[in-house]
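Written below as structure tokens is the structure these notes are about.
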């Protein structure tokens with residue numbers, strides 16, 4: 001659902017208002033321009049510094065010309081129209097002309113003038129336009145800047161298109177002008193109904209890129225979960241809930257690709273706006289149906305019996321209605337759809353989970369918690385699309401949280417199976433130990449009887465019979481537990497766990513280890529990005545510190561038949577001078593271990609990895625000296641086209657060595673750690689000849705009597 005409407009009846013308004021109070025107020029994600037002076041239709045931004053300040057929201061005042069498509073060359077004093085003064089974001093129906101609300105179908109022109117200072121106009125600026133219903137064309141200072149779709153004065157002449165875009169321009173000192181033509185004849189909402197942000201070009205580009213990456217990561221994670229669920233169902237078809245869970249993931253993945261930055265329209269340029277909206281509605285309908293079936297398969301005794309057939313028929317009918325009618329028709333029924341279908345389905349699912357939790361069904365409490373969070377995100381999304389909160393897009397995050405609860409249940413299931421296996425192994429060991437003691441005891445008795453019956457053949461025969469009897473008893477005593485053991489084994493192989501289970505469990509375990517390491521790395525990278533990790537910096541002389549680190553990892557290099565060598569190339573400075581740097585020994589060793597480990601990994605046998613430093617004195621007295629730590633190898637090298645990408649998150653070289661690939665986060669974490677040291681991490685390479693990774697740090701010249709040993713500590717990433 002990508003269309004908001006404020007024309008709801010009083011019952012719906014009061015219901016959603018109550019829900020919004022429970023959910024709470026959430027602040028805007030960008031700076032507001034409400035504090036800037038706005039007089040006579042001119043937005044005063046002379047006190048705003050684009051390079052240092054956050055982007056501003058161009059809320060207005062805007063000049064508004066209804067049913068006019070004006071270009072900048074006509075926006076002069078000769079224009080006789082008296083414009084409305086409006087603010088954005090808002091739908092057209094919230095504006096009034098001659099005391100009558102405007103319709104949401106039509107076309108209009110917006111105009112905003114803003115002033116910049118001489119210093120502010122030096123920076124290239126960026127403009128981030130999110131959702132405009134449903135086609136627009138934008139000029140800045142009379143120059144066409146960007147647009148979406150084709151603006152027209154009627155439904156036949158316009159082409160709808162609606163997804164966020166960014167544009168960049170060089171402003172001019174003083175007055176700047178922005179003109180936007182907007183038209184809508186295809187849906188029930190019209191106008192600029194999400195904010196427009198103006199800011200430094202790099203900040204706007206970063207904002208747009210982060211939005212796209214975040215939503216792409218969400219969609220990719222959901223797609224991965226859908227594929228995983230399919231394979232899980234293929235290996236364990238006795239769990240039908242898994243395939244429905246996979247369909248939920250796939251449907252939410254499709255919806256996530258159509259929301260937010262709407263990168264689906266970029267990936268598939270041929271996808272029309274009309275079909276994009278249909279897919280958005282249909283994906284949510286599929287999610288609702290699959291959710292009802294999924295909870296029915298998970299907890300059949302607690303699920304509402306009529307939910308699947310009733311909601312399935314109703315949602316199927318609404319889906320057919322969506323396919324058969326254009327967006328301007330079926331979007332008018334958003335509120336009835338929410339109240340009659342969406343909310344009841346989710347309430348039934350939540351009710352089923354709560355019942356299962358109260359009855360202590362396996363995993364029900366975790367499921368109920370996860371779905372409660374997801375349901376809260378759905379309520380928030382409803383409030384967003386009905387205009388009660390200022391931002392949306394939390395449904396995909398809520399679904400990801402719900403997925404994590406499902407993964408937790410899956411891990412718990414395998415953990416319990418492993419615990420049961422270990423318990424059976426311990427019982428088996430006890431049985432074997434008890435039988436061994438019985439055998440030893442009875443063998444001793446036989447030997448004692450044999451010694452007493454050596455005097456005569458009759459006694460010997462009798463003793464033989466006794467021995468045979470004892471052996472028969474021993475055989476019987478051994479056969480009974482062994483039969484039970486074989487029964488347990490057969491049950492494990494056939495009835496309890498399938499033949500593929502050990503291999504499958506091993507695969508799950510291996511993937512669990514990799515995922516655990518990836519999460520640790522993502523968590524650490526996130527903490528580094530947000531500067532939550534505390535660093536313990538101290539001044540260290542670099543040559544002895546690096547020499548110790550090199551010696552520490554020599555054994556790892558030798559095991560790979562690679563030579564790791566420290567080369568002391570420290571230049572002559574002062575008679576007692578020594579190159580030092582302010583570092584956190586633990587974090588720095590993590591960077592060193594990762595770079596050396598990579599060099600060893602990609603260097604063939606009998607290769608060489610060298611560690612050496614280079615001192616770069618500053619020619620400007622006001623700037624710091626620099627020291628460059630080189631880690632050079634004679635390995636396979638890196639193609640020049642990949643060098644700018646190797647420090648990006650999750651980047652893996654397409655040129656091969658998949659058997660040596662890691663999680664793709666090691667170098668990204670190294671770069672963040674070096675950045676916290678006020679340094680830089682770079683690399684150069686010649687394919688086939690080796691690579692040179694460089695850590696550039698601010699250098700100090702310490703006046704010390706002798707080099708002191710500083711035991712390093714840390715571990716590889």
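No lab work stands behind these numbers, since they all come straight from the coordinates. These numbers come from a predicted model, not from an experiment. Neighbour counts are summed over all protein chains in view; Cβ atoms, including those assigned to glycine, are modelled from backbone coordinates with ideal geometry.
Evaluated at q = 0.18, 0.27 Å⁻¹, a Debye calculation over the C-alpha positions of segment 316-378 (equal weights, vacuum) places log10 I(q)/I(0) at -0.71, -1.05.
Dimensions of segment 207-405 based on its C-alpha atoms, expressed as ranges along the principal axes with the largest first, amount to 47, 33, 33 Å.
Using the average count of surrounding beta-carbon atoms within 10 Å as a protection proxy, the listed peptides 594-603, 637-646, 199-208, 370-379 rank, highest first, as 594-603, 370-379, 199-208, 637-646. Shape class for segment 45-108: oblate, because the ratio a/c of the largest to smallest gyration tensor axis (alpha-carbon atoms, square roots of eigenvalues) is 1.5 or more and b/c is at least a/b. Grab the beta carbon distance between residue 452 and residue 430, set R0 = 35 Å, and tell me the FRET efficiency rounded to 0.05. Calculated value: 0.55. Computed from label points 7 Å out along Cα-Cβ, the spacing between residue 267 and residue 81 is 4.0 nm.
A simple packing score, the average count of other Cβ atoms within 10 Å per residue, orders the peptides 680-689, 350-359 as 350-359, 680-689, with the highest score first. Measuring nothing but how far apart in sequence close Cα pairs (under 8 Å, 6+ apart) lie, relative to its length, segment 207-405 scores a relative contact order of 18 percent.
If you take the Cα centroid of segment 130-178 and the Cα centroid of segment 231-299, the two points sit 32 Å apart.
Spacing of the modelled spin labels on residue 96 and residue 118, each 7 Å from Cα toward Cβ, amounts to 4.6 nm. Quarter the surface of the alpha carbon convex hull of segment 83-212 and you get the mean projected area, 8.1 square nanometres.
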